[in-house]
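**Student:** Quick one: the structure is below, questions incoming.
The values are calculated or read from the model by the stated rules, or taken from the named source; none is laboratory data. What you see is a predicted model, and the numbers here were worked out from it, not measured in a lab. Note: ideal-geometry Cβ built from the backbone for every residue, glycine included; neighbour counts use all protein chains shown.
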């Protein structure tokens, strides 16, 4: 509206602005989604495989948390005779000592999953911190850490773990520390690789010029931008750690009796396979099912964070 016309009809500038705002169409603003609403929307769009993985993982966690309530017998209670067949009293029979297999499977979920989670978390704390440090500092720090990691990775992980456990003993603490340190080498390589691409960006350089400290740059500038691949890697590393612990238990150097563990349960009841009894396959199947479920969820998460759109 021209100034001459405003003066002719006696409108002030504020009246003109109000009139233009009333004349221009406005779209109603959508209320911001809460975190729970966002999770609900994403879950409704999740594929069947992701739903399968989430259901299986949730069931395993519930079994692990409620093990004393769900198990019909104690973890090490001698409930019957050795190798009793499947029956109403012993749904999956008994092991070589007469302990209820169903109860051992339930307690094995709590022990194996808890130790695997603690080991994976510790490996990410070690490997992730060193990877961020190498990417943020570069130079000789990066070279020294990378060469030390290369030396550790040149030794087969399972053989190295067997040697170290034979030297220091097979306690749960030693098992967690040894596997976490060995697995941290893989975490370091991934963290360093993705953090290197972020450490050279302009906002990181700006933070350095502002005098921000190293821990601020690592934790506030680099880490948030590399979280999606690290979260996905956490799921994959959990599977590898889970399988490594089971393999060590099968070889007799993992979780020690009388603690229930799926790997040791396969070894203890392996002789039943020669008689056509599938009981040893139950803990092996539990290991395989959890591994597949975690991989399904990780694949879905990677697809969501990659920015790819679902077809159709």
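**Student:** Kindly indicate which of 203, 242 is closer than 19 Å to residue 172 by Cα and modelled with pLDDT of 85 or more. Explain how you work it out, then say what you get.
**Tutor:** Numbers: 203 fails: closer than 19 Å to residue 172 by Cα.
One residue alone meets the criteria, 242.
**Student:** I've got another one for you. Within segment 109-155, which residues are over 19 Å from the mean Cα position of the chain (by Cα), part of a helix (DSSP H, G or I) and either under 30 Å from residue 281 (Cβ atoms) or without any contact (Cβ under 8 Å) to a residue 24 or more places away in the chain (or both)?
**Tutor:** 139, 140, 141, 143, 144, 147, 148, 150, 151
**Student:** If I ask for residues that are surrounded by 18 or more Cβ atoms within 10 Å (Cβ to Cβ) and out of contact with any helix residue (DSSP H, G or I) (no Cβ under 8 Å at 6 or more places or on another chain), which ones from segment 80-101 would you list?
**Tutor:** 80, 99, 100
**Student:** Kindly establish whether residue 73 is more than 26 Å from the chain's Cα centre (by Cα), at pLDDT 90 or above and assigned to a loop (DSSP other than H, G, I, E, B). Spell out the reasoning first.
**Tutor:** Values: more than 26 Å from the chain's Cα centre (by Cα): yes; at pLDDT 90 or above: yes; assigned to a loop (DSSP other than H, G, I, E, B): yes.
Taking the combined requirement at face value, the residue satisfies it.
**Student:** Between 259, 305, which is over 29 Å from residue 71 (Cβ atoms) and in contact with a helix residue (DSSP H, G or I) (Cβ under 7 Å, 6 or more places away or on another chain)?
**Tutor:** Numbers: 259 fails: over 29 Å from residue 71 (Cβ atoms).
Of the residues listed, the single one that is over 29 Å from residue 71 (Cβ atoms) and in contact with a helix residue (DSSP H, G or I) (Cβ under 7 Å, 6 or more places away or on another chain) is 305.
**Student:** Return the total of residues in segment 156-185 being touching a residue at least 60 places away in the same chain (Cβ under 8 Å) and under 15 Å from residue 126 (Cβ atoms).
**Tutor:** 6
**Student:** Going by what's in this entry, would residue 106 be described as without any contact (Cβ under 8 Å) to a residue 40 or more places away in the chain and more than 19 Å from the chain's Cα centre (by Cα)?
**Tutor:** Numbers: without any contact (Cβ under 8 Å) to a residue 40 or more places away in the chain: no; more than 19 Å from the chain's Cα centre (by Cα): yes.
In short, no.
**Student:** Among what's in segment 48-69 and is exposed (fewer than 13 other Cβ atoms within 10 Å of the Cβ) and under 18 Å from the mean Cα position of the chain (by Cα), pick the residue that is nearest to residue 108 (Cα to Cα).
**Tutor:** So, considering only residues that are exposed (fewer than 13 other Cβ atoms within 10 Å of the Cβ) and under 18 Å from the mean Cα position of the chain (by Cα), the one nearest to residue 108 (Cα to Cα) is 62.
**Student:** On to the next question. Quick check, is residue 305 surrounded by fewer than 20 Cβ atoms within 10 Å (Cβ to Cβ), closer than 28 Å to residue 57 by Cβ and modelled with pLDDT of 85 or more?
**Tutor:** Numbers: surrounded by fewer than 20 Cβ atoms within 10 Å (Cβ to Cβ): yes; closer than 28 Å to residue 57 by Cβ: yes; modelled with pLDDT of 85 or more: no.
When the stated conditions are applied, residue 305 does not pass them.
**Student:** Say we look at segment 224-246 and pick out the residues that are farther than 22 Å from residue 296 by Cβ and in contact with a helix residue (DSSP H, G or I) (Cβ under 8 Å, 6 or more places away or on another chain); which of these is surrounded by the most Cβ atoms within 10 Å (Cβ to Cβ)?
**Tutor:** 226
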